[in-house]
1. Can you list, shortest first and in nm, the gaps between the label point of residue B:231 and those of its counterparts in the other copies, using a point 7 Å from Cα in the C-beta direction?
2. How many partner chain Cβ atoms sit within 10 Å of a residue's Cβ in peptide B:58-64, on average, as a whole number?
3. Along Cα→Cβ, 7 Å out, is where each label goes; now give me the distance between the ones at residue B:5 and residue B:214 in nm to one decimal.
4. Using alpha carbon coordinates only, what is the Rg to Rh ratio of the protein assembly as shown, with Rh defined as the Kirkwood radius?
5. Assign unit charges at the C-beta atoms only (+1 for Lys and Arg, -1 for Asp and Glu), then state the dipole size of chain D relative to its Cα centre in Debye, rounded to the nearest 20.
6. What's the magnitude of the charge dipole for region B:1-128 around its Cα centre, counting Lys and Arg as +1 and Asp and Glu as -1 at the beta-carbon? Answer in Debye, nearest 20.
7. Any idea how far apart residue B:244 and residue D:81 come out in nm if each label point goes 7 Å out from Cα toward Cβ?
8. With +1 on each Lys and Arg Cβ and -1 on each Asp and Glu Cβ, and nothing else charged, work out how big the dipole of the protein assembly as shown is about its Cα centre, in Debye to the nearest 20.
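Read-outs throughout are calculated quantities, based only on the coordinates presented, and are distinct from any laboratory measurement. This structure is a prediction, so every number in the text was calculated from the model and none was measured. Every residue, glycine as well, gets a Cβ built from its backbone with ideal geometry; the counts of neighbours run over all protein chains shown.
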Number of protein chains: 4
Amino acid sequence: MRVTLLAHTPEPERLIASAAKLCYSPVGIDALREGLTDGAAAEFVGMLAELGHESPIEHITFTFGIEGVSRSLLAQLTRHRMASYSVQSQRYVREGAFDYVVPPAIAEDAQALAIFEGAMQQAQQAYDALGERLGQLQAEALEREGLSKKAAARAAGKSAIEDARFVLPNACHTKLICTFNARSLLNFFSLRCCNRAQWEIRALATEMLHLVRAVAPSVFGTAGPPCLRGPCPEGKMTCGKAEQVREHFALR
Amino acid sequence: MRVTLLAHTPEPERLIASAAKLCYSPVGIDALREGLTDGAAAEFVGMLAELGHESPIEHITFTFGIEGVSRSLLAQLTRHRMASYSVQSQRYVREGAFDYVVPPAIAEDAQALAIFEGAMQQAQQAYDALGERLGQLQAEALEREGLSKKAAARAAGKSAIEDARFVLPNACHTKLICTFNARSLLNFFSLRCCNRAQWEIRALATEMLHLVRAVAPSVFGTAGPPCLRGPCPEGKMTCGKAEQVREHFALR
Amino acid sequence: MRVTLLAHTPEPERLIASAAKLCYSPVGIDALREGLTDGAAAEFVGMLAELGHESPIEHITFTFGIEGVSRSLLAQLTRHRMASYSVQSQRYVREGAFDYVVPPAIAEDAQALAIFEGAMQQAQQAYDALGERLGQLQAEALEREGLSKKAAARAAGKSAIEDARFVLPNACHTKLICTFNARSLLNFFSLRCCNRAQWEIRALATEMLHLVRAVAPSVFGTAGPPCLRGPCPEGKMTCGKAEQVREHFALR
Amino acid sequence: MRVTLLAHTPEPERLIASAAKLCYSPVGIDALREGLTDGAAAEFVGMLAELGHESPIEHITFTFGIEGVSRSLLAQLTRHRMASYSVQSQRYVREGAFDYVVPPAIAEDAQALAIFEGAMQQAQQAYDALGERLGQLQAEALEREGLSKKAAARAAGKSAIEDARFVLPNACHTKLICTFNARSLLNFFSLRCCNRAQWEIRALATEMLHLVRAVAPSVFGTAGPPCLRGPCPEGKMTCGKAEQVREHFALR
C-alpha cells in the first residue's frame, strides 16, 4: 500500500477559523483574516473540534493518491459517498501480470501462503486464456462484419478483457485518486481507524490520518476511533483495547 | 439477475405535481392536491420532464431488491453516490458454494466456458482451503489466549473468511437493497442504459427502468440513454445504433 | 404553522429490517421479508437504533407539507442539504396581503406587538407602492420597445415583484414541500429539537418528529435532542433543563 | 457586492489531468504526474470538458468570500446543496445600522428609490425599537429569576435580536464564505449565469466565474449559460439574446 497526499487547501486552519468566526462577527472577511495569526487560528480550530462544530471544516479538502490496495478495499472505500473518486478501470486496463494484496495472516503461514499464491496464479492463467479466446472469437466476428484482420484483432483485444476480468480475485491491486473534505474525513477516521474495522482499510485510514495531521494538526488532533474522545460506543462488540488504541493514535 | 421493486412513494405523480405547482402558486397545499386528478398530475409531470425541471421529482423514491449480480457490477453501481445501499457482506457471510455470473460471451462458447468454470472451481477450492487453514491457526491462537476449544473454533471460523475472501472472483454473486430518488434514477438510466455501458449494469438499469415506468410512466417516459431525447452526445465513440436503441426503450 | 405528512415509504420498519438483515445473511430477499412479522421488524429496528447503525434507515423517506412559517425559518431549514425542497417563490408569487409570523415574545407584549404590526404594515405599503411604480416604469419601457399597452402592463406586473420583494420582512409567510430520509431526519431532530435551537424551527422539528413517530415508532423512539440519549454535549452552553426536555419528548 | 477567491486547490489542472488519466492507464501515479507538463494538462482538461466527462473535476475546490449581498440572494444560493457554507448569523450579530442592497431598477428611479429607502429606515427603526423593548422585558424576567441587573441586561440584549430580526427586509446585507468543487460550480454557472436568472445571483455567478477562469481556464473555458455550448434549452422562455450572452462570456 502506498498513500500520498497529492494536494490540499492551502493554509487550511486559517481558512476554517475565518469561516467559523464569520458566523458570529460583524467584521468584514479581510479584517477577520488579517486578525488571525497562525497560532490564533490553530487555537480557535482546536476549540471548534472540542465543541464538535463540524460545519466550518468542510471548507478544506485533501486529495490522496492510493496504490497497491485490493479491490475489496475499494468496495469498502467507495461506500463513503461524501468524497470524489477516480479509479483505475479493470474494464479498460489489461492486467498483464496482476499484482495482488496478501493478507498478513496469510503471509505469516507457509501453508496458507502456498494456497493463496496458487490461487493467484490460477486466476492469472484463466484471465490470460479467456482474454485470448474471447479476443479470437470477437476478432472473427469483426472480420465477418468486414473489418481487416489487423483492425479486428485490435478492437477485439480491448473488449475481451471486459469479460475476462470476471475471474480476477478481490486481492487484485487497484489504484485511485480521491478527495475528501475534512468533515467527511473525520467521519471516515471514526469508522475505519477503529480496531474493529477490517485490517486493510484500517491501515489505509491510519496512513491517511497521519498525512493530514501533519498539515492540519488542530483539525485532526483528536481524529480517529471514538475511543480517543470518550467511551467505546460498540457495547458488547468492543475490542476492549482502548488503552493501546489511544497510545497508537496519540499526537507525536 | 433478479430485480424487484420492493417499495416506492405512494401516488408518485400526484406528489411531484403538487410540489412543482406549489413553487408558482399562492394556493395552499391541500387545495393544490385536491385540484389534481390523476390525469392532470400525469400531464403536468410530463411537461416538467420535457422542460427538464428535475428538482420536484426528488420527492419520490424507489427501493429495489437486486440478487444474482456480480461483485464487478456492485463496484460500478455503488459509484452512484445519490442513493442508499445495504449490501450482503463478504466479510460476514461465508460462501458455502458461491454462485457466480457467467458473461454471455463466455456462456456461448464451450472452450471459454470451460476455462471460466475451471477458474470458478479453483477459486472455491482455494477459498475453502484458506478458510479451513486460517480458522485452524486462529483457533490455536485463541486457545493459547485461554478460550475453550469450542469457543475458539467458533470465533476463528468467523474471522477466517474475512481474509479467505481475497481469493473470490469478481464474478461472485452478491445481493443488495438500494434506494434512489427519481432524479438520481434519471441520471443513472442516462448513463447505464446506454449501449456503450458494460453489459451487466446495462441489463440491471434496463430492468429497473421497466419497473419504475410501470408506476410512474410520466416521470420515466423518456428516461434512458440520451439518444432517446436527442442526438448521441458520445461523438466518435457513438455505438451508431440509436434507431434500435430507441425502439428497444419505446413505451409499450 | 401547519405541518402535514404528505407521503412516506409504506411499511417503513419492515423495509429497514429487511435491508439491515440482508447485510449479514445468506438468505434471499423474499425469504428475509417473509420471515419478518411487524413485531419482529420493530424489535430489530429498535436494536439498530440503540447500536447507532444508521445506514439502513436511509431507505425510508418522508414528505412534509409546511405552511405558515417565516422566511427566517426557511433559511435555517434549507441549510440541511440531505433533503429535497420545493418552495413557494417570492419571485413569481405576488404577495397580495402577505401573512406573517409573530414571534411569541412579541405577541405577549402589547407595546412590542404594536411596533411589530406597524412594521408589517409599512412593509406591505412599500411593497405595493414599489410594485406599482416598477410595473409602470417597465410597462413604459416595453411599450417603447413596441409591445401593446395591455401586453406591456401584463409583462411588467410579473417582473416588478421580483425587485419589490426586497422590502419584504423575514417574518413573511412561506410554504414548502420537503422530503427527508430517516437518517437525515435523525440528524435534523438532534440539532433542531434541542432547547437551544431557535424557537420557530424547534417548533417545526418537534411537530415533524410527532408525525414520523406515529408511523415508525421504533425508528424514532429515541429521536430528538442528544440529552434524550445521554449527557448534554453543549458543555457550558447547556440549557440545564434536560429533565423537562426528556419528559416533553417521552413516547406517549 | 464584493467577491474574492479566498483559496483553491493548488495546480488544479494538473490534478484533474492526473486523476482522469489514471482511470485508463496502467502507469503509477507519480509517473503520471511527472509526465504532465502544464500545457499537456491544460490540453487534456480541455478535451475532458468537451466530452462532458465531469467526474475528475470534482477533485478541485474553490472557496469564495462574499460580502454585501442580500438575504434574498442567500436563500437562492444555499439551495445549491453540493457546497459548504458559513454564513453570518442574524440570530447572533446585531444589525447596528444595517446595510442593504438596492436593486438597479430601483436605484435608477428617484420615486422608487424614495419608497425603498423609506422602507429601509422604517425597518431599521422597528428593529431598534423591538430590540430595546424585548431586551427590557427579558432583562426584567432574568432579574426576577435572580440575575444581577448588569448580567440580565447583557443576556437579554443577546436574545432580543433573535426575535427583532423578524422585521428585517430581504434587502439586508449578509456575508458568507462558501466552497464548491468545480463540478458543482459548472452546474451553478449553467443555471445562474443564464440571462433568465435573477439579476443579483447572476451578477454573483458571473463574478465567481471570472475568478475561477483566471486560475483554471481549461476547466471553465466554456462554463456559463447553456447557450455558450449549444442551443438555448429554455424553449419559448428563451431570452432570445444568445449572441450578446456569448460575447459577454467570451474568454478574453
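1. Values, ascending and in nm: 1.0, 6.7, 6.7.
2. Per residue, the average neighbour count from other chains is 6.
3. Output for this residue pair reads 0.7 nm.
4. Rounded to two decimals, Rg/Rh equals 0.97.
5. The dipole of chain D has a size of about 400 debye.
6. It comes to approximately 480 debye.
7. 3.9
8. Roughly 0 debye, rounded to the nearest 20.
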